[in-house]
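First comes the structure, then the notes that go with it.
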Amino acid sequence: MYLVVVSITANIKPEFDVYHRNSIGASLLFTLLVFSLFVYVGATDAETSSLERVLHVGTEAELRDAVNGAARGMPVVIIFDKHIDLTETTLTIPPGADVTLRSDSELVRNSGVEFFRLYGVSDLSTITIEEGGLLKLEGIIVTHNEGAYGSGVEVNSDGTLFMTGGIVSGNTADVGGGISNRGIFSLSGGIISGNTAETGGGVANRYSTASFAMFDGEISDNTARKSGGGVYNSFGGAFNLFGGLISGNIADWGGGVNNWGSYFTMFDGEISYNIATNTVSGGGGVAFDGSRFDMLGGAITGNRAPNGGGMYTNNGMVQFYGGVISDNVASESGGGIYAKFLEVLYVSDGVVFYNNQASLAYDRDPIHDRMYQDQIGANVVWTFPFSQGYNNYDISYISEIPIQLNTSPNNQSSPNSRIAIYAIALLALIICIAVVVLNFYFKK
């Protein structure tokens with residue numbers, strides 16, 4: 001049940017209309033889902049605490065034996081008593097296993113380190129989660145020895161990773177330096193930092209099987225030689241940002257987040273001080289192509305790029321319902337947003353653009369007046385002293401092809417599909433409450 005609720009939450013792809021007819025229902029949905037998650041986690045922890053095994057390990061052999069024991073159906077909490085070097089192969093979390101990794105807090109303090117480390121083998125991921133496996137990272141450092149190659153954690157389709165603490169750092173791979181995810185990944189604490197890849201320096205979330213939900217924690221100071229310094233979300237993956245920080249990452253395209261042919265929804269959190277270096281595209285904070293981006297809250301701030309200091313957009317749907325886009329800098333065009341060949345660009349009332357900068361400013365082209373009237377809210381806050389958005393500082397729209405307005409700015413979901421989604425969320429809540437009640441009854 002825990003996996004079902006997190007999977008639903010991680011796959012949220014909301015489709016609101018411009019008049020927010022679904023805002024109340026959507027808020028109810030998210031509230032039910034999040035409440036269900038925390039209620040069930042509490043019930044599950046209370047129910048399994050007496051069943052799970054707690055094992056201390058200090059060698060590779062002890063660690064592998066403990067993980068293999070978890071595959072036999074009993075959850076295991078593995079506590080590191082020292083740093084462990086893998087010498088044979090990746091540490092595999094097999095199907096059916098429920099494994100938690102953390103450091104012994106007293107030994108950590110006595111050793112003068114933050115966490116104990118798990119060092120990976122050259123040319124392999126340090127940890128691999130197979131289909132049906134579950135790993136909870138709560139307090140170790142997942143890394144590679146200097147010069148070794150491979151992701152910190154690789155999550156295969158239908159594998160699950162919950163990261164609530166610890167660090168994933170110092171890993172180098174082709175895709176997903178820190179985390180390479182094709183399953184379910186939830187980040188609610190800890191740090192993913194100092195990793196390197198061709199795409200997805202911090203996290204690569206790929207394919208339609210991939211769901212990444214970030215509630216808290218930090219993805220910082222990672223590097224991608226091509227796309228997605230912090231996060232690379234591609235090939236139909238779903239990325240939902242509920243909180244936390246994506247900051248200080250660098251890439252050729254999409255310093256903070258690169259969204260390619262996928263879904264990215266930002267409810268809260270901060271994407272800040274990331275850098276894109278490509279002189280043609282860019283996107284310091286966010287870059288995407290052929291994708292869907294909805295921003296309901298949070299901040300995209302202090303990012304830098306040649307074009308699109310805050311965001312570079314191309315061939316897709318971009319909708320701003322809330323949040324702040326501020327202090328972003330483009331050395332050429334689009335301090336806040338560089339918009340090109342969009343299907344939809346919509347900015348709702350109350351969205352704030354503040355102190356964005358670009359190489360020049362200009363007034364709105366009359367050819368864009370109809371689009372501006374239909375797509376831009378009347379009460380948007382623009383960078384001073386501008387009173388409208390298409391000024392290059394906040395939004396640079398350079399396409400010679402006007403946006404088509406013969407359809408709604410949203411592909412509105414049908415009433416039946418919305419009712420089905422709400423019903424599923426309500427059912428999840430009812431089941432979670434029933435689990436708590438039954439758990440309390442049987443324990444008595």
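Based on the Kirkwood radius over alpha-carbon pairs, what value in µm²/s does the Stokes-Einstein equation return for the translational diffusion coefficient of the stretch 229-372 at 37 °C and 0.692 mPa s? If you can, show how the numbers build up before the last one.
Values: Rh = 14.4 Å.
Taking Rh from Cα pairs, D becomes 228 µm²/s.
For the stretch 66-186, a crude dipole built from +1 on the beta carbon of Lys and Arg and -1 on the beta carbon of Asp and Glu, taken about the Cα centre, is about 240 debye to the nearest 20. Put TYR372, TYR273, TYR149, TYR390 in order of accessible area, highest first, and with a 1.4 Å probe you get TYR273, TYR149, TYR372, TYR390.
Under a point-charge model restricted to the Cβ atoms of Lys and Arg (+1) and Asp and Glu (-1), what is the dipole moment magnitude of the stretch 123-195 relative to its Cα centre, in debye to the nearest 20? Provide the component values of the computation, followed by the final result.
Working: 2 positive and 8 negative charges, 47 e Å.
So the dipole magnitude of the stretch 123-195 works out to roughly 220 debye.
Cross-link partners for LYS136 among the aspartates and glutamates, with Cα-Cα distance under 16 Å and sequence neighbours closer than 8 places in the same chain left out: ASP45, GLU52, ASP98, ASP104, GLU154, ASP158, ASP216. Taking all protein chains as shown and a probe of 1.4 angstrom, PHE116 keeps an accessible surface of around 10 Å². Since only SER103, THR164, ASN145 are under comparison, the one whose Cα sits farthest along the positive direction of the charge dipole of the stretch 77-227, derived from C-beta charges on Lys, Arg, Asp and Glu, is THR164.
Hey, what D do you get for the stretch 107-202 in µm²/s if you plug the Kirkwood alpha-carbon radius into Stokes-Einstein at 25 °C and 0.890 mPa s? Write out the running numbers ahead of the final one.
Numbers: Rh = 13.0 Å.
The diffusion coefficient I find is 188 µm²/s.
Between THR279 and ASP174, the modelled label-to-label distance comes to 3.0 nm, taking each label 7 Å out from Cα in the direction of the beta carbon. As a ratio to 2.2 N^0.38 Å, the alpha-carbon radius of gyration for the stretch 189-237 is 1.09. LYS136: net charge of surrounding residues, Cβ under 9 Å, Lys/Arg +1, Asp/Glu -1, itself excluded? That sum, taken over residues with Cβ under 9 Å, equals -1.
Working out 0.36 nm times the residue gap between GLU60 and SER157, then minus their Cα-Cα distance, what length gain in nm do you get to one decimal? Write out the running numbers ahead of the final one.
Values: separation 97, 0.36 × 97 = 34.92 nm, distance 2.61 nm.
Taking GLU60 through SER157 to full extension adds about 32.3 nm, to one decimal.
Element breakdown for the stretch 68-194 at a 1.4 angstrom probe: carbon and sulfur atoms account for 43% of the accessible area. The convex hull defined by the C-alpha atoms of the stretch 330-380 has an orientation-averaged projected area of 4.0 nm².
Once both labels are positioned 7 Å from their Cα atoms along Cα-to-Cβ, the gap between SER122 and GLU146 label points is 1.5 nm. The Cα atoms of the stretch 92-152 give a gyration tensor whose axes a ≥ b ≥ c have a/c of 1.5 or more with a/b no greater than b/c, which makes the shape oblate. Shape verdict for the stretch 156-221, please, from the Cα gyration tensor: rounded (a/c under 1.5), prolate (a/b greater than b/c) or oblate. Oblate.
Hey, got the dipole for the stretch 134-264? About the Cα centre, +1 on K and R Cβ, -1 on D and E Cβ, debye to the nearest 20?
Values: 5 positive and 10 negative charges, 46 e Å.
Roughly 220 debye for the stretch 134-264.
Summing charges over all other residues whose Cβ lies under 9 Å from the Cβ of LEU101, with Lys and Arg as +1 and Asp and Glu as -1, gives +1. Apply the a/c threshold of 1.5 to the C-alpha gyration tensor of the stretch 171-296 and tell me whether it is rounded, prolate or oblate. Cα axes put the stretch 171-296 in the rounded bin.
Which whole-number value in Å² is the accessible area per residue of the stretch 75-158, probe 1.4 Å?
Per residue, the stretch 75-158 has an accessible area of 41 Å².
If you take the beta carbon distance between ASN68 and ALA361 as r and set R0 to 56 Å, what does 1/(1 + (r/R0)^6) give as a FRET efficiency, to the nearest 0.05? Efficiency, rounded to the nearest 0.05: 0.30. Applying 1/(1 + (r/R0)^6) with R0 = 51 Å to the Cβ-Cβ distance of ARG53 and SER208 gives a FRET efficiency near 0.90.
Starting from the Cα of SER111, move 7 Å in the Cα-to-Cβ direction to define the label point; list residues of the stretch 76-103 whose amide nitrogen is under 13 Å from there. The answer is 79-86, 102-103.
The values are calculated or read from the model by the stated rules, or taken from the named source; none is laboratory data. Just so you know, these numbers come straight off a predicted model, no measurement behind them. Please note: Cβ atoms are built from the backbone with ideal geometry, for glycine as well, and neighbour counts cover all protein chains shown. When the accessible area is computed, the model is the full protein with side chains, heavy atoms only, and any ligands, DNA or RNA have been set aside. Shrake-Rupley method; radii C 1.70, N 1.55, O 1.52, S 1.80 Å.
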